[in-house]
Amino acid sequence: MKATLGRRLIYLFMMLVVSVPLITNYTVRPAEMKAANQFYSLVENLSVGPNDIAFVAFDFGPNTKAENEPQAEVIVEHLMRKRIPLAVFTQYAQAEGFLTSIPERVAERLMKEMPGEKWEYGQDWVNLGFRPGGALFVQAVAKSTNIAKELDKDAFGASLLQIPAIQNVRTLENVKLLTQFTGLVGVFDTYIQFFQNENYVPSFGHGCTSITIPEAYIYLDSGQLSGLLEGIAGAAWYSELLLQNNPQRAPDAALVINTALGVAHLAVIALIILGNLVAFVGSQRRPS
């Protein structure tokens, strides 16, 4: 009975510890991440022409939302701040809701931060929806001579040839950046292999869950990736970079979640130390 009560008290304590930053939006400065610095510099220095675009793949669902959603959100925000048109899409049906919610949330936050400026669907971003086919879809886009015509319609059934953000996108050379976020196995590899042609390879940035970081480093070291966000820590540092360059920006989910995770880790360490101290003191008091 005492053991069960002790466990419940520990669970309650951990719940309270994690809840405080989430409820109060309390944040601390995250650790610097070198790969996230590379990703930030990639987007910050990206040069685009009037017919160019960035492709952003949300290949994640509710199961990895805690890490992949903040990653996707900071990249979408950075692209919108740079006024680089972007097309969001997914190869994972469960991600369809994020294709609508993330860009709309970012645009709303930016317009609140900068009254008088506007970010509008069709002009600043386009939702291409769920695109089945896996590697075949990726190859079709890479080889297309008219991407807007090839993809045909957006997620709402409107012709892409009538949407300013993408209507003049013809070949892969117009896609200046590909960013992809996933916790799924095998999806990331299809872009590495097939999102290119004989003469051109777009810059590629990737956001992964913590468990797949070692695999992603292989592609970063080889130069096939130009930037990487390692779990929530990578998203938090990217968010910190945005905050440093935009002081009026409010802390976002990446910073808050990363802070809550760090506080939880400290609480676990404290409990381990306390438990060992109690056990040590108890052993010293026992008669030999």
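A compact table of results
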| quantity | calculated |
| --- | --- |
| Pair list, Cβ < 7 Å and 6+ apart or interchain, from the stretch 245-263 residues that are under 24 Å from residue 44 (Cα atoms) and at pLDDT 90 or above to residues that are exposed (fewer than 15 other Cβ atoms within 10 Å of the Cβ) and not basic (Lys, Arg) | 248/113; 249/113 |
| Filtered residues of the stretch 96-131 (kept if on the phi < 0 side of the Ramachandran plot and in contact with a Ser or Thr (Cβ under 9 Å, 6 or more places away or on another chain)) | 96, 98, 99, 127, 128, 130, 131 |
| Single residue of 200, 191 found to be surrounded by fewer than 23 Cβ atoms within 10 Å (Cβ to Cβ), closer than 17 Å to residue 143 by Cα and touching a helix residue (DSSP H, G or I) at 6+ places or on another chain (Cβ under 8 Å) | 200 |
| Residue in the stretch 110-121 that is closer than 23 Å to residue 229 by Cα and touching a residue at least 40 places away in the same chain (Cβ under 8 Å) present | no |
| The stretch 198-237, subset in a helix (DSSP H, G or I) and closer than 19 Å to residue 134 by Cβ, residue nearest to the chain's Cα centre (by Cα) | 212 |
| Hits in the stretch 139-149 (condition: surrounded by 15 or more Cβ atoms within 10 Å (Cβ to Cβ), touching a Lys or Arg at 6+ places or on another chain (Cβ under 9 Å) and over 18 Å from residue 84 (Cα atoms)) | 141, 144 |
| Those residues of the stretch 31-77 which are small (Gly, Ala, Ser) and farther than 19 Å from residue 177 by Cα, in sequence order | 31, 61, 66 |
| Answer residue from the stretch 172-197, given it is of a type in the set (D, E, K, R) and at pLDDT 95 or above and is nearest to the chain's Cα centre (by Cα) among those | 176 |
| Count of residues meeting criterion [free of Cβ contacts under 8 Å to residues at least 40 places away in the same chain and either part of a loop (DSSP other than H, G, I, E, B) or surrounded by 15 or more Cβ atoms within 10 Å (Cβ to Cβ) (or both)] in the stretch 19-48 | 1 |
| Restricting the stretch 154-175 to residues that are touching a helix residue (DSSP H, G or I) at 6+ places or on another chain (Cβ under 6 Å) and free of Cβ contacts under 8 Å to residues at least 24 places away in the same chain, the residue that is surrounded by the most Cβ atoms within 10 Å (Cβ to Cβ) | 167 |
| Residue in the stretch 56-74 that is within 15 Å of the chain's Cα centre (by Cα) and part of a loop (DSSP other than H, G, I, E, B) present | yes |
| Odd one out for residue 32 among (1) closer than 26 Å to residue 195 by Cα; (2) out of contact with any Lys or Arg (no Cβ under 6 Å at 6 or more places or on another chain); (3) acidic (Asp, Glu) | (1) |
| Selection count where residues are among the aliphatic types (A, V, I, L, M) and either buried (at least 17 other Cβ atoms within 10 Å of the Cβ) or at pLDDT 95 or above (or both), scope the stretch 115-135 | 2 |
| Test result for residue 189, out of contact with any Cys (no Cβ under 9 Å at 6 or more places or on another chain), part of a helix (DSSP H, G or I) and over 20 Å from residue 90 (Cβ atoms) | no |
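The values are calculated or read from the model by the stated rules, or taken from the named source; none is laboratory data. Keep in mind that this is a model prediction, so the values were computed, not measured. Every residue, glycine as well, gets a Cβ built from its backbone with ideal geometry; the counts of neighbours run over all protein chains shown.
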